[in-house]
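Q: Got a structure here, written out as C-alpha cells. Questions coming.
The values are calculated or read from the model by the stated rules, or taken from the named source; none is laboratory data. Fair warning: this is a prediction, and the values are worked out from it, not measured in the lab. With ideal geometry, Cβ positions are generated from the backbone for all residues, glycine too; neighbour counts draw on all protein chains shown. Please note that ligands, DNA and RNA were not included when accessible areas were found on the heavy atoms of the full protein model with its side chains. Shrake-Rupley method; radii C 1.70, N 1.55, O 1.52, S 1.80 Å.
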Amino acid sequence: MTGASRVRPLTPADHDEVFAVLADDGGFSQRVEGHAATPEDTLGLLHPQEVHGRTTHPLGLFTGTSCVAVADVLVGWPEPGTADVGLLQVRAAETGRGHGRRLHEAVVDHARHAGCSTLRLTVVAPNLAHAQGFWASLGYRLTGEVRPWANAAGQQVDAHIMTRPLDPAG
C-alpha cells in the first residue's frame, strides 16, 4: 500500500476496512481476547461508545483508500486531564513502516486539543512482551499498577497500566 497517509474519524462505512485491520493482527486478538477477531469486533470502533460517562473517539490511518491502523481514545478517563488509549492496532502486514507512530501522533494531538496532560493505556499480560517496547519507545512507562481483567473468553489475566505525560506545547 503506497501513497500519503491521512488520519480521520472512523464511521460505519469503514466496517470492511476496519475488520481487515483487526483480522490482520499478528495474533493480538488471540493473545488478548482468547479468540480470532470477528466482524462484530468492529462495532465498538465504528460507533462511538459511552464509557464511564465519556464518549470514545475512533480514528483510522489510511494510505490511499486502505485503512492500515486503528485507534480508540477515551478523553477524560479515568480522571479529568487524562486520555485513555483503548486500542492502537496496525495491520501486521504493515508494521515497521511508521503507521503506529503516525496514528499515535494523531492521538496525542486529539488528547492535547481536549486539554489532557496525560495519556494512559492498559496492556494485558499475554500481550505485554509484544507491546511494551513499542509503547516505551513513545514515552510510556509502566506505573506499577496492575489490575485483574477478564477477556471475552473468560480468562483472567493481569492488566498493566502505562502512562506518559503530554507537553502542552507539543
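Q: Within the range 17-34, track down each residue that is more than 21 Å from Gly100 (Cβ to Cβ) and open to solvent by 60 Å² or more (accessible area, probe 1.4 Å).
A: Our first condition is that a residue be more than 21 Å from Gly100 (Cβ to Cβ); within the range 17-34, this holds for 34.
Result: no residue meets the conditions.
Q: Out of (1) modelled with pLDDT of 95 or more; (2) open to solvent by 60 Å² or more (accessible area, probe 1.4 Å); (3) under 24 Å from Asp16 (Cβ atoms), the odd one out for Val107 is which?
A: Going through (1) modelled with pLDDT of 95 or more; (2) open to solvent by 60 Å² or more (accessible area, probe 1.4 Å); (3) under 24 Å from Asp16 (Cβ atoms) one by one, Val107 breaks only (2).
Q: Somewhere in the range 88-97, is a residue of a type in the set (Ser, Thr, Tyr) and modelled with pLDDT of 95 or more? Give the steps one after another, and end with the answer.
A: Taking the range 88-97 first, the residues of a type in the set (Ser, Thr, Tyr) are 95.
If we keep only those that are modelled with pLDDT of 95 or more too, we end up with none.
No: zero hits.
Q: Mind checking which residues of the range 1-14 are part of a helix (DSSP H, G or I) and either at pLDDT below 85 or open to solvent by 50 Å² or more (accessible area, probe 1.4 Å) (or both)?
A: Here is the first cut: in the range 1-14, the residues part of a helix (DSSP H, G or I) are 12-14.
Listed by number, the residues that qualify are Pro12, Ala13.
Q: Is it true that Ala136 is modelled with pLDDT under 95, of a type in the set (A, V, I, L, M) and farther than 18 Å from Thr56 by Cα?
A: Considered against the rule, which asks whether it is modelled with pLDDT under 95, of a type in the set (A, V, I, L, M) and farther than 18 Å from Thr56 by Cα, Ala136 comes out as no.
Q: For the range 110-137, enumerate the residues that are of a type in the set (S, T, N, Q) and open to solvent by less than 20 Å² (accessible area, probe 1.4 Å).
A: Quick first cut of the range 110-137, residues of a type in the set (S, T, N, Q) only: 117-118, 122, 127, 132, 137.
Within the range 110-137, just Asn127 meets the criteria.
Yes or no, residue by residue, for (1) at pLDDT below 90; (2) of a type in the set (A, V, I, L, M, F, W, C):
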site: His47; (1), (2): yes, no
site: Thr55; (1), (2): yes, no
site: Leu61; (1), (2): no, yes
site: Cys67; (1), (2): no, yes
site: Pro80; (1), (2): no, no
site: Val123; (1), (2): no, yes
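Q: Got a number for residues in the range 82-97 being in a strand (DSSP E or B) and not small (Gly, Ala, Ser)?
A: 7
Q: Of all residues being of a type in the set (A, V, I, L, M) and more than 15 Å from Asp16 (Cα to Cα) in the range 57-82, which is most open to solvent (accessible area, probe 1.4 Å)? Just the residue, please.
A: So, considering only residues that are of a type in the set (A, V, I, L, M) and more than 15 Å from Asp16 (Cα to Cα), the one most open to solvent (accessible area, probe 1.4 Å) is Val75.
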